[in-house]
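Below you'll find the structure, written out as structure tokens, and then a few comments.
The values are calculated or read from the model by the stated rules, or taken from the named source; none is laboratory data. Keep in mind the model is a prediction, meaning the values are calculated, not measured. Backbone-built Cβ (ideal geometry, glycine too); neighbour counts: all protein chains shown.
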Amino acid sequence: MIFKVFDHSLYELEYLSAFTIPNTMLGLWRHWRGGLYLVTATARHESTQEIMYVYHAMSSDVTIAGRVFTRPSCEFTELVADTDNKWQPRFVFLHNPWNEPIVPRSAA
């Protein structure tokens with residue numbers, strides 16, 4: 001079945017589908033400094049088409065508690081040097097707090 005969105009041609013829809021966002025594990029992640037963050041979505045930067053992670057601070061620190069952040073996927077998944085100059089992932093996946101099977105989701 002072919003769906004036409006507004007006045008987009010089939011060619012445009014095929015072109016847009018080439019830029020779909022890869023699946024992301026939603027759930028709780030630990031930052032290398034120890035903070036907990038809840039990844040709730042992926043998004044795409046409008047100008048650059050770069051994939052972004054959308055995440056919420058799950059901290060008791062009132063300066064960041066509940067704040068929403070975005071970070072490019074290349075930064076979210078990169079390795080960083082800690083204080084001992086050891087390389088580790090910036091974020092490590094912990095679990096899905098909704099007690100559902102972990103089903104990757106993405107934003108369009």
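Please work out which residue is surrounded by the most Cβ atoms within 10 Å (Cβ to Cβ), limiting yourself to region 66-90 and to residues that are free of Cβ contacts under 8 Å to residues at least 12 places away in the same chain, of a type outside the set (Lys, Arg) and assigned to a loop (DSSP other than H, G, I, E, B).
It comes out as Gly66.
Search region 45-65 for residues being among the hydrophobic types (A, V, I, L, M, F, W, C) and in a loop (DSSP other than H, G, I, E, B), and hand back the single one that is nearest to Phe93 (Cα to Cα). Talk me through it step by step, then tell me what you get.
Here is the first cut: in region 45-65, the ones among the hydrophobic types (A, V, I, L, M, F, W, C) are 51-52, 54, 57-58, 62, 64-65.
Keeping just the survivors that are in a loop (DSSP other than H, G, I, E, B) gives 58, 62, 64-65.
Numbers: Met58: 14, Val62: 23, Ile64: 20, Ala65: 19 Å.
Here the answer is Met58.
Could you count how many residues in region 45-65 are of a type in the set (Val, Ile, Thr) and buried (at least 16 other Cβ atoms within 10 Å of the Cβ)?
2
State yes or no: is Thr42 assigned to a strand (DSSP E or B), modelled with pLDDT under 90 and surrounded by 12 or more Cβ atoms within 10 Å (Cβ to Cβ)?
Details: assigned to a strand (DSSP E or B): yes; modelled with pLDDT under 90: yes; surrounded by 12 or more Cβ atoms within 10 Å (Cβ to Cβ): yes.
Here the answer is yes, as Thr42 does meet what is asked.
Is there a residue being touching a Ser or Thr at 6+ places or on another chain (Cβ under 9 Å), modelled with pLDDT of 75 or more and farther than 21 Å from Asn96 by Cβ anywhere in region 19-29?
No, region 19-29 contains no residue that is touching a Ser or Thr at 6+ places or on another chain (Cβ under 9 Å), modelled with pLDDT of 75 or more and farther than 21 Å from Asn96 by Cβ.
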